[in-house]
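Let me begin by handing over the structure; questions about it come next.
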Amino acid sequence: MRTSWADSVANADSSAVAVGASTSTTYANAADASAASAVAAPRPGRASYVPPHLRNRTASSEPPVPSPADGSSAAKLPPGPAALSGGNRWGGGPSRDMGRAGSVGGGQGTGGGWGSRSGGWDRREREVNPFANEDETTEAVFDGRDTTGINFDAYEDIPVETSGENVPPPVSTFSEIDLGDAVNENIRRCKYVKPTPVQRHAIPILLAGRDLMACAQTGSGKTAAFCFPIISWIMRGPPAERQRVSRTAYPSALILSPTRELSIQIHEETRKFSYQTGVRVVVAYGGAPINQQLRELERGVDILVATPGRLVDLLERARVSLQSIRYLALDEADRMLDMGFEPQIRRIVEQMDMPGRGQRQTMLFSATFPSEIQRLASDFLSNYIFLAVGRVGSSTDLIAQRVEFVLDSDKRSHLMDLLHAQEVNGAHGKQALTLVFVETKKGADSLEHWLCMNGFPATTIHGDRTQQERERALRAFKSGATPILVATDVAARGLDIPHVAHVINFDLPNDIDDYVHRIGRTGRAGKSGLATAFFNENNSSLARSLAELMQEANQEVPQWLSRYAVARSSYGGRNRRTGGARFGGRDFRRDSSSRSVGGGDYYGGSGYGGGAYGASSGYSGGYGNPGLSAWD
DNA sequence: AAAAAAT
């Protein structure tokens, strides 16, 4: 029965529990120890941990390497370059490897060794410090608002729900999930004090080798939640070997996301997490020259972050092979399907050379769980754990929602009033960051032009702009240089832009879920935000769902909007409550054929009042405003 | 109907 790679890992972990627990001093109690054993067992102990770039040194002075556990884990790898014996990490040639070993060995005297400042994996090209820009840009401009970027107090009462077989218990501190000095140092640099809810739950699950289907918003620390385990697994795994003759890259992890900017964002974050670990992260997306991406790939890649189209291109050119993939993460899966990526995703996952379900570890993140997502999950995942994490705080507290009746012809002047009104509110006399959503690309351009003509520093992001323009616009906005960003739905989901004070729906979307995603660009990571919508006759199809949503979030619903809602009561906009959009979503295995062995006892007993769980109308009790789930 | 994504 237990035949999958993930299961083998799980078995290896449980057999190693005794060792892990007896040698560990980190864990305070039995529950933590069992959680920790799943986490720490595969390696014999911190002292013997060896980072990838030192793993193949043969000099006697090197730290003890391949533990028995590492060996067994290597044995379970799917066939491919990663499983080949010997070799240096990037196969850059013997002489280069010798030089590298020598230089690192020389620095070893400090005792810092691989964790030390100089610890690049290749002395010829020093790894760019991904933390370098942080202080001058964002924090300087927004100085005084916060320093951590995350309001941890807001995390305390977030509802979390898990289901599946043998769910590893959550951890409560990063020290319980010790990921090695280098990663710990990066956690410190990121100013992460303690794990967020999604991290507390997802990291042990992923470190235990389990597949995961999860519901969580980007601002909740989701990327770190799936990256830390991936980095950790890669670091303790066998070295990757690049085949010297071919120019094909063999990443061991693949992260797919729907938009270019989201891929860029994930890449930036992941680079921080893997800084000085020797784990290479490369991003590939369209709209940018492919040559530079090819060069990056040639230099070696452990974690590839990509949009589907560019990846297919790379696969067709045979510049990337998926045969070494052991970790697959699909971010914003529902969005990718909305955008018509399903054929490409299925091609990538099922029809190329990627190891099959069970031979790899797969994590799927989605805001909603329509049947297409369910099919995808049952095709891609193996005995997975379902995890749903509530919003950081509730929208009641964090996003104040206003709806104003504004005719199309009055929208511009009304917008100007809003912008004038808040000019004084920005830090240091600067305009607070304002994100203005419009319906069309043309509309975005013309509104931006109009704003600029009227003295408002605005820029725009949409699909008709070149990738360079898109990225420049986003940077200018984030830095505060251009505090007004006019955007189409390209920016609606997933993008984590800190400090957005105000989201204005200049044009309302037709779909309430899109509205929820848009306003979710503010009030992020526990901060408060304001969302203003311009409503008129053209939006009457949204009236009812909008009114309901606002009511659920304890927002004041204008009388006129209620009247629209009643008038249009037969129709609430497409997708108005897609079953899984509320908190908790649902683990659809409950009512599907795949309700599997041993799961019975679990499904009855969710700690969160299980009964409400499958009912689409249910789940009104308990958590503030569960209906307002701005899942990203 | 519009948006996004490979060239």
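The values are calculated or read from the model by the stated rules, or taken from the named source; none is laboratory data. Keep in mind the model is a prediction, meaning the values are calculated, not measured. Ideal geometry is used to build each Cβ from the backbone, glycine not excepted, and the neighbour counts take in all protein chains shown. Surface areas here come from the heavy atoms of the whole protein model, side chains and all, with no ligands, DNA or RNA. Shrake-Rupley method; radii C 1.70, N 1.55, O 1.52, S 1.80 Å.
From the list A:ILE230, A:ILE264, A:ILE303, which residue is of a type outside the set (Phe, Trp, Tyr), over 22 Å from A:MET352 (Cα atoms) and in contact with a strand residue (DSSP E or B) (Cβ under 8 Å, 6 or more places away or on another chain)?
A:ILE264
May I ask you to verify whether A:GLU372 is of a type in the set (D, E, K, R), farther than 12 Å from A:VAL312 by Cα, part of a helix (DSSP H, G or I) and away from DNA strand B (no atom under 16 Å from the Cβ)?
Against the criterion (of a type in the set (D, E, K, R), farther than 12 Å from A:VAL312 by Cα, part of a helix (DSSP H, G or I) and away from DNA strand B (no atom under 16 Å from the Cβ)), A:GLU372 does not qualify.
Moving to a separate point now. With respect to the numbered conditions (1) more than 13 Å from DNA strand B (Cβ to nearest atom); (2) closer than 12 Å to A:TYR250 by Cα, which one is the sole condition not fulfilled by A:LEU315?
Every listed condition holds for A:LEU315 apart from (1).
While we're looking at this one, here's another question. Since A:GLN323 meets every condition but one in (1) open to solvent by 10 Å² or more (accessible area, probe 1.4 Å); (2) more than 20 Å from A:ASP464 (Cα to Cα); (3) without any contact (Cβ under 8 Å) to a residue 60 or more places away in the chain, which condition does it not meet?
Unmet condition: (3).
Something else about it: Restricting the first residue to the range A:254-265 and requiring it to be among the aliphatic types (A, V, I, L, M) and open to solvent by 10 Å² or more (accessible area, probe 1.4 Å), which pairs with a second residue that is more than 9 Å from DNA strand B (Cβ to nearest atom) and at pLDDT 95 or above meet a Cβ separation below 9 Å and a spacing of at least six or different chains?
From residues that are among the aliphatic types (A, V, I, L, M) and open to solvent by 10 Å² or more (accessible area, probe 1.4 Å), the pairs are A:ILE264/A:VAL283; A:ILE264/A:VAL305.
Among all residue pairs at least 6 apart or on different chains, which show Cβ distances below 7 Å where the first residue, located in the range A:496-511, is farther than 17 Å from A:ARG402 by Cα and the second is modelled with pLDDT of 85 or more and more than 16 Å from DNA strand B (Cβ to nearest atom)?
A:ILE497/A:LYS478; A:HIS499/A:LEU433
Inspect all residues belonging to the range A:349-360 and state whether any of them is without any contact (Cβ under 8 Å) to a residue 12 or more places away in the chain, more than 10 Å from DNA strand B (Cβ to nearest atom) and either under 21 Å from the mean Cα position of the chain (by Cα) or surrounded by fewer than 22 Cβ atoms within 10 Å (Cβ to Cβ) (or both).
yes
Matching residues to (1) away from DNA strand B (no atom under 16 Å from the Cβ); (2) farther than 20 Å from A:THR522 by Cα; (3) more than 23 Å from the chain's Cα centre (by Cα); (4) surrounded by fewer than 22 Cβ atoms within 10 Å (Cβ to Cβ):
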position: A:GLN422; (1), (2), (3), (4): yes, no, yes, yes
position: A:LEU435; (1), (2), (3), (4): no, no, no, no
position: A:ASP445; (1), (2), (3), (4): no, yes, yes, yes
position: A:MET453; (1), (2), (3), (4): yes, yes, yes, yes
position: A:GLY463; (1), (2), (3), (4): no, yes, no, yes
position: A:ALA473; (1), (2), (3), (4): no, no, no, no
position: A:ALA481; (1), (2), (3), (4): yes, no, yes, yes
position: A:ILE484; (1), (2), (3), (4): yes, no, yes, no
position: A:ALA491; (1), (2), (3), (4): no, no, no, no
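Please verify whether A:ARG563 is at pLDDT 70 or above, surrounded by fewer than 16 Cβ atoms within 10 Å (Cβ to Cβ) and among the basic types (Lys, Arg), treating the condition exactly as stated.
Yes, satisfied.
Can you find a residue in the range A:282-299 that is away from DNA strand B (no atom under 16 Å from the Cβ) and of a type in the set (D, E, K, R)?
So far as the range A:282-299 goes, yes, one or more of its residues are away from DNA strand B (no atom under 16 Å from the Cβ) and of a type in the set (D, E, K, R).
May I ask you to verify whether A:LEU328 is touching a residue at least 40 places away in the same chain (Cβ under 8 Å) and either open to solvent by less than 10 Å² (accessible area, probe 1.4 Å) or within 14 Å of DNA strand B (Cβ to nearest atom) (or both)?
So A:LEU328 fits the description; yes.
Please list, ordered by first then second residue, the pairs with beta carbon atoms under 6 Å, 6 or more apart or interchain, first in the range A:442-461 and closer than 16 Å to A:ILE504 by Cα, second among the small types (Gly, Ala, Ser).
These pairs meet every condition: A:GLU448/A:ALA458; A:LEU451/A:ALA458; A:THR459/A:ALA473; A:THR459/A:ALA476; A:THR460/A:ALA444; A:ILE461/A:ALA473; A:ILE461/A:ALA487; A:ILE461/A:ALA491.
While we're looking at this one, here's another question. Can you find even one residue in the range A:499-506 that is modelled with pLDDT of 95 or more, on the phi < 0 side of the Ramachandran plot and hydrophobic (A, V, I, L, M, F, W, C)?
yes
Are any residues in the range A:196-230 assigned to a loop (DSSP other than H, G, I, E, B) and out of contact with any Ser or Thr (no Cβ under 7 Å at 6 or more places or on another chain), and if so, which ones?
A:ALA208, A:GLY209, A:ARG210, A:ALA216, A:GLN217, listed by residue number.
Kindly evaluate A:ASN186 against the criterion of being open to solvent by less than 10 Å² (accessible area, probe 1.4 Å) and either within 16 Å of DNA strand B (Cβ to nearest atom) or touching a helix residue (DSSP H, G or I) at 6+ places or on another chain (Cβ under 6 Å) (or both).
In short, yes.
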